[in-house]
Amino acid sequence: MPLLEKSDIEQISLDAQLGKLRRNKVLYNALPQRQQESTLLGSGLVGVMLFQTSDTTLQLALGRADVYNVNPEVTAHRKPLGYCELTFSSKIKGVQLRLDLAAGILSGTLQLEEENVTLTCFCHALSDSIILDVKQVVTSSTLTYHPIENPQSSRTRNSHPHDNGPFELADVRSYADDIGAYTSTTYRERGMKAGEVIVATSTQRHHQSLRHFCRVEYDRYNNGQLAETARANLQAALNEPYETQRQSHEDEWAEYASRTLISLPDEELESYVDFQFYKLRCLTRPDGALIDLQGVWFDPTTPWPGVWHNLNSQLTYWICAYGNRSDLMKPLIRQLEEHEHQLAKMGGEAGGYNLYTVTNADFCQPGPKPTPIAPFTEGAGIADGTAYHTQNVQDATLGNFLWLVHNLWLSASYEDDQDTLHTVVKHFLKKGIQFYRYHFIYASDGSIHLPETFSPEYKSARNCNYDLAVLKWAISTYLALEPDTEERLEYAEILGRLVDYPYSEETGYLIGQDVSLTDAHRHYSHLLMAYPFYLRNADQEGEKERIQKSVDHWQSFSKSPHEPHEKLVGYSFTGAASLYAAIGEGDLAHEYLRAFLDTGAGGRMHLTNTQYYEHAGVDATTVEVPLTGATAAIDMLLQSWGGKIRVFPAIPQGWKDASFFNLPAHGGYLVSAVLRDGVLAFLSVKAKRTGEFTLQSKFLPEELRNTSIHLAAGKNYVWATQKFDIASFLKEEQSKIRFTKQGIVIPRKKQDIY
């Protein structure tokens, strides 16, 4: 097989991705009428939710991901920022708008009574300016900001010892100068200032365009310079030519959007994956904000205005690593490093690190005098199942921190970032393991057991599989990073003595010792050893059957994937898809992804923008569940665990054509592959550093399966059938027009999702 010094394959594939995405626009012939179903724009720090509120008005609900509480005695919460109204002097009779996924721009025509106007709107990907260009001759438009004077935490459930308010009303002050209008909102929490936001707006006439500008500035610690910053940044936005700002915005989006190319025979699923990558870049950027359950957007009905760590933060970031966007995990790593002292506080007297189930973006421990994270005391366990985060549940959920560290490891491993692996990741692993060691129970036979802890979000048990999985993964990973030392021998001994995962021959893996899964439970926290850790996997004798029995039982409380139990919604679909993909069951993985799309995540996903809503209504939207749909699709195309790169490991039997370009694999590899007419027509593996890997795929010729390949840094391993022309294929892919629908229609229809 040829080894190429340099290949144009990567550049061709990037061009193809851009071409496909520029044709894969989200089309609107009607605008959403509710904030929860709005059109989404974002810069990675600032967000806009655009929807129509009257026959003359569009609302732009504003969000900024780092506007959090300051007082540590109140519950962790984001704050609503208010909204802008774009009001026209003539009634809106119709719209023809498109959201360009490769440019991050909403543009098109608004049909007014007196004339048709052209609207272009984007949230600048680097500068965070919100810019609207309205080309109109007869009519006029105005942009007006409306603040929120009562910015209460919307969290309504009691979480002792958190203080949920009510807090004091914010101090709101409006003023203007020669370049714009400003509104200052100073928040207060229990008698102390809790940050200031200034929203600055301005409108300029440019020939036949009215250009509206909006900036959201934030000073969390009330340093007194925010007014000067707001004016200076607004002036800079007004001074820079509009064409220059738009071009720099598009260039940033083009680089991001062109990193991968995924082509599936299920075009609806393919479009869904493309849209999740679009949403991801809206949500964060390398110097942007940590992604919480709201991201850059804010739903005023949410009871989850913070960061949840008993599954949510972990699942949110998988798409960054699996989707060749590991640089977007930098805000998470930065926050963990900068606020390491908070992790130590939450670890308590154990001397290690941990995380409460709920924190703010700075990982601030909740409440004025939080009790330590620790196992349940005798008689305090939870035996009846609950999703409510009472304090004893938060205290006794032990696996959150190490599971979050797994995300850091994923990113560093996919990027082959040895420095991060051996400094940040290894350090956090050791601190997380130390927390558990403090609570070990040593049996007379020499085995090590875990005390009673909580398995999210179900029941408590001794030897919870949730804890055993994250702990065993952490120790195994630490051993791989630690040289031959006495400490390594010590950790290896601990791993060997840890009790095995509780298992039942009837139902599969249990919640924990003597605790079975007996009713519907949306979390798959008891199955983490199979996914995402792959500690138990299909390469081990008899393990595929054990895993499948466990997943089948977990899903058995639903009548079928398309008739789900009311508790098996959201990431229960995507989790099942990834778990089945992990054992090579492509038909089942796809069936659950189809059910996820066909049922709208069990009736919990807004089809206009794929926002997930937790309540059985239409409110309380979050961002993490939809992202996992894209992750599960990637799991069907490429997996890399156990030292092997697995190509098309879990695609359905009926899929004869599928392709992907530049998806990452552990060890610093970028993989591309094309399946055509049921035959592997093309395969490329590009190495970031010199190393060895093993390829595995049922589509590879027999003589190439499970062959160890040594590849030098910067080189490509390329295999192709004799008659396959990759350049022609990519040009063909670029020319495809996926979106032939008329666009998103209100009321919603399943086939008009994206």
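Asp171 fulfils the conditions (1) modelled with pLDDT of 95 or more; (2) under 21 Å from Asn223 (Cβ atoms); (3) among the acidic types (Asp, Glu) except for a single criterion, (1). In region 255-310, which residues are aliphatic (A, V, I, L, M), touching a Cys at 6+ places or on another chain (Cβ under 8 Å) and outside any loop (DSSP other than H, G, I, E, B)? Of everything in region 255-310, just one residue is aliphatic (A, V, I, L, M), touching a Cys at 6+ places or on another chain (Cβ under 8 Å) and outside any loop (DSSP other than H, G, I, E, B), namely Leu280. Can we say Asp219 is among the charged types (D, E, K, R) and within 31 Å of the chain's Cα centre (by Cα)? Yes. When region 612-645 is limited to residues that are of a type in the set (S, T, N, Q) and at pLDDT below 95, the one that is surrounded by the most Cβ atoms within 10 Å (Cβ to Cβ) turns out to be Thr621.
When region 512-521 is limited to residues that are surrounded by 23 or more Cβ atoms within 10 Å (Cβ to Cβ) and either more than 16 Å from Gln548 (Cα to Cα) or of a type in the set (S, T, N, Q) (or both), the one that is modelled with the lowest pLDDT turns out to be His521. The selection criterion, being in contact with a Ser or Thr (Cβ under 6 Å, 6 or more places away or on another chain) and either within 19 Å of Val48 (Cβ to Cβ) or surrounded by 24 or more Cβ atoms within 10 Å (Cβ to Cβ) (or both), holds for Asp299. A single member of Ala520, Ala530 is of a type outside the set (Ser, Thr, Tyr) and within 18 Å of Leu410 (Cβ to Cβ), and it is Ala530.
The residue pairs whose first member lies in region 574-600 and is under 20 Å from Asp539 (Cβ atoms), whose second member is at pLDDT below 95 and of a type in the set (D, E, K, R), and whose beta carbons are closer than 9 Å, counting only pairs six or more residues apart or on different chains, are Gly584/Lys698. Evaluating Gln314 against the criteria (1) outside any helix (DSSP H, G or I); (2) within 20 Å of the chain's Cα centre (by Cα) leaves one unmet condition, (1). Residues in region 444-466 that are without any contact (Cβ under 8 Å) to a residue 12 or more places away in the chain and of a type in the set (A, V, I, L, M): there are none.
When the residues of region 220-265 are narrowed to those that are touching a strand residue (DSSP E or B) at 6+ places or on another chain (Cβ under 9 Å) and among the charged types (D, E, K, R), which ends up modelled with the lowest pLDDT? Only one residue tops the list, namely Arg259. Restricting the first member to region 318-345 and to residues that are in contact (Cβ under 8 Å) with a residue 12 or more places away in the chain and within 19 Å of Asp287 (Cβ to Cβ), and the second to residues that are in a helix (DSSP H, G or I) and charged (D, E, K, R), the beta-carbon pairs closer than 7 Å and six or more apart or on different chains are Ser326/Glu415.
Matching residues to (1) part of a strand (DSSP E or B); (2) in contact with an Asp or Glu (Cβ under 7 Å, 6 or more places away or on another chain); (3) polar (S, T, N, Q):
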{"site": "Pro664", "(1), (2), (3)": "yes, no, no"}
{"site": "Gly667", "(1), (2), (3)": "no, yes, no"}
{"site": "Phe682", "(1), (2), (3)": "yes, no, no"}
{"site": "Val685", "(1), (2), (3)": "yes, no, no"}
{"site": "Thr694", "(1), (2), (3)": "yes, no, yes"}
{"site": "Phe699", "(1), (2), (3)": "no, no, no"}
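A single member of Leu593, Leu627 is farther than 19 Å from Ser556 by Cα and of a type in the set (A, V, I, L, M, F, W, C), and it is Leu627.
Counting the residues of region 20-36 that are in a loop (DSSP other than H, G, I, E, B) and either modelled with pLDDT of 95 or more or out of contact with any strand residue (DSSP E or B) (no Cβ under 7 Å at 6 or more places or on another chain) (or both) gives 1.
One line per residue, one yes/no per condition, for (1) over 30 Å from Ser38 (Cα atoms); (2) modelled with pLDDT of 75 or more; (3) more than 28 Å from the chain's Cα centre (by Cα):
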site: Ser672; (1), (2), (3): yes, yes, no
site: Asp677; (1), (2), (3): yes, yes, yes
site: Lys688; (1), (2), (3): yes, yes, no
site: Phe693; (1), (2), (3): yes, yes, yes
site: Lys741; (1), (2), (3): no, no, no
site: Asp752; (1), (2), (3): no, no, no
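Filter region 372-398 for residues that are at pLDDT 70 or above and of a type in the set (S, T, N, Q); which is nearest to the chain's Cα centre (by Cα)? Across region 372-398, the extreme among qualifying residues is Thr397.
Filtered by the rule that a residue be under 18 Å from Tyr612 (Cβ atoms), assigned to a strand (DSSP E or B) and in contact with a Ser or Thr (Cβ under 7 Å, 6 or more places away or on another chain), region 37-60 gives Met49, Phe51. All of (1) surrounded by fewer than 21 Cβ atoms within 10 Å (Cβ to Cβ); (2) closer than 26 Å to Leu398 by Cβ hold for Glu563 with one exception: (2).
In this structure, Ser708 qualifies as of a type in the set (Ser, Thr, Tyr) and more than 27 Å from Leu588 (Cβ to Cβ). Taken over region 532-553, the criterion of being among the charged types (D, E, K, R) and not in a loop (DSSP other than H, G, I, E, B) is satisfied by Glu543, Lys544, Glu545, Arg546, Lys549, Asp552. Only one of the numbered conditions (1) farther than 20 Å from Leu50 by Cβ; (2) at pLDDT below 95; (3) of a type in the set (Ser, Thr, Tyr) is not met by Ser209, and that is (1).
The values are calculated or read from the model by the stated rules, or taken from the named source; none is laboratory data. Quick caveat: nothing in here was measured; it's all calculated off a predicted structure. Here Cβ is always computed from backbone atoms with ideal geometry, including for glycine, and neighbour counts include all displayed protein chains.
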